[in-house]
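Please read the structure below before turning to the comments.
Here, each number is a calculation from the coordinates, and none is a lab measurement. This one's a predicted model, so the numbers in the text were calculated from it and none came from an experiment. FYI the Cβ positions are ideal-geometry reconstructions off the backbone, even for glycines, and counts take in every protein chain you see.
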């Protein structure tokens, strides 16, 4: 018998600290699978954020840098400019990318920086205990929106893919989800495609991945998948928002 | 490039960085250091280096972090408010033990302050403007030539000790033009950077650039290990100029461009019969404590002169350690003391009013 | 005939895998707990497994290996 499914080489064989049922774990594996498929482990440098994925530098079998909160795209820019032939990716949550790191996100895109951003959108700050994030939905209860996010006083959620789609330097943007097997496979293809675009110097690529946070949503892992489908998907439609290099191959 | 050139301080510093092998510069516009990014954007492409203008000083210092972590010689520059924005990044760079050079062309502060020269960022640079236990080596040039020599040496110091090094200038130094020679420089012995994130190429374990140590014992060990290096630096990297301080009444202490004004004041005061000497730190971290302490045995008093409300004066007091009185004279906000202002202070101190 | 193996001590008992198996053979063990104190996922009717790896695909902790 042959292995039909096993741990990707690019994923370190270590226990991950994520909460039970948190889909960060799935996304880490998809990134590692994409790296294995493109055989780029030895050439890849990852940049970990501040947030639940802050320990990501322990979870990938490639060189990693841990960046200050929100600054991963800038750190990745520094790495990429020194080693343009390397594949450089950042792995960031919604607080890291779309709150404190908004300027770094938009300007990396505007520069057409040839990096790939893995953007995990779970509509909440996880590591710090469930505060409102820039992608927290209207009415969503969080630790800092205990009465539900009031758009009059706490503003509206930010749709990153839609925003970045207006930026010239962006080569590929897709929003995917990991709530079921079909979508997970779609997410894997999207991540692989983003890395491949980077390999072909096409410019800035970002994959937004709808993800769950059972602990801070106050739901079981399975209920969280339902909540994601019922609440996040309507507001954050899946699909490709920009694709500079229609894949002719 | 060994012949004599007339160059503006900012441009000379930029050329020095390139001569030192720096090929990555991340900048952002702010007066009075704008000639540095301008020069870099013209010159770097010629040496197939990179000039990149970031969206903010915060972003720029984090680009420096990434490039330094990837093993490159990298520099950034700014002026006071911009350097404040970089403090978190500098703390991360120190915590991750990354080498880089940071140039601060100081201007009047706080807040938006002014654009004239000042020395009011001394505490921020020497005592650490970011969070946590860390130090920067801080070099304080007082001429364009010295700014060149120090910038070149800064890259070696940074690589040797794997830490951020600051060139602490001011608007005067940045804007004035002086003749300068790019001498051949004997580089220091630097270990190969095997720790950079260059891609494992399947040949080694992953390199990780990181300052997070969630286990407090690990973080403490890291800090203690780094402070062992700082102790070594304090013993071996102090640079100070002591001018005629044997058997004098008052020792004037000043750094950077201020020291030039103070030397003129010394000449005038000596002509008028006052026995004065000058101590000029070339590094304000590591601080020349020993040199000052030694002179304190014979001198009667110290007068520290700064373009601020008095910051280095505290370190002078620590060095003198109560042996003798330490006085301060300063102008701030971009005002520059004149030699005669200082001679008046010397008279007041000598005239028994204060001695 | 396919085979799934569970690295039980890595399982966090999140149960995601139990909802995607087309043959409904992935269940949570009730008779024991793993080193972390969770009931681990398992397959008892191995012969019904078709090796589709749906369970492994949705597992966040790479607990499951599949052979065909």
Sites residue C:19 and residue A:2, calculated FRET efficiency, Cβ-Cβ separation with R0 30 Å, nearest 0.05: 0.65
Calculated FRET efficiency for the pair residue B:300/residue B:267, C-beta based, R₀ 25 Å, to 0.05: 0.80
Share of Cα-Cα pairs in the protein assembly as shown lying beyond 49 Å, as whole percent: 25 percent
Among A:92, A:152, A:66, the residue with the largest mean-square fluctuation in a Gaussian network model of chain A built from Cα contacts under 10 Å is A:152
Describe numerically, in nm with one decimal, the distance between label points set 7 Å from Cα along Cα→Cβ at residue B:201 and at residue A:39. 1.7 nm
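Please give the FRET efficiency for residue B:290 paired with residue B:188, using the beta carbon to beta carbon distance and R0 = 30 Å, rounded to the nearest 0.05. Walk me through the numbers before you get to the answer.
Working: r = 22 Å, r/R0 = 0.75.
Step by step, r from the Cβ atoms, then E = 0.85.
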Quick one: angle between helix B:339-350 and the longest Cα principal axis of chain B, in degrees between 0 and 90, rounded to 10, please. 60 degrees
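Kirkwood hydrodynamic radius (Cα pairs, Å) of chain A? Let's see the in-between values first.
On the way: mean 1/r = 0.0560 Å⁻¹.
Averaging 1/r across every pair of different Cα atoms and inverting gives 17.9 Å.
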So what's the gap between the Cα centers of segment B:257-308 and segment B:1-34, to the nearest angstrom? 29 Å
Virtual spin-label span in nm between residue A:200 and residue C:35, 7 Å along Cα→Cβ: 4.4 nm
When Cβ neighbours within 10 Å are restricted to other protein chains, what is their mean count per residue of peptide B:70-77? 3
Candidates B:264, B:142, B:125: whichever shows maximal mean-square fluctuation once chain B is modelled as a Gaussian network with Cα springs under 10 Å: B:264
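Based on the alpha-carbon gyration tensor of segment B:110-166 and its eigenvalue square roots a ≥ b ≥ c, which shape applies: rounded if a/c is under 1.5, prolate if not and a/b is larger than b/c, or oblate? Present the calculation step by step, with values, prior to reporting the outcome.
Details: a/c = 2.99, a/b = 1.15, b/c = 2.59.
Here segment B:110-166 falls in the oblate category.
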For segment C:3-67, max minus min Cα coordinate along each principal axis, in Å, sorted largest first? 29, 22, 19
With the crude spin-label approximation of a point 7 Å out along Cα→Cβ, what separation in nm comes out for residue A:9 versus residue C:3? 2.4 nm
Using only the Cα atoms of segment B:175-307, each taken as one equal point scatterer with no solvent, compute I(q) by the Debye sum, divide by I(0), and report log10 of the ratio at q = 0.12, 0.13, 0.16, 0.17 Å⁻¹. -0.74, -0.81, -0.97, -1.02
Would you look at the GNM of chain C, springs on alpha carbons closer than 10 Å, and say which of C:20, C:35, C:43 moves the most? C:35
Calculated from DSSP helices alone, with each H run of at least 4 adding -39500 (n - 2.57) and the total divided by the residues of chain C, [θ]222 nm to the nearest 500 comes to -1500 deg cm²/dmol
One finds the C-alpha centres of segment B:94-126 and segment A:1-38 to be spaced, in Å, by 44 Å
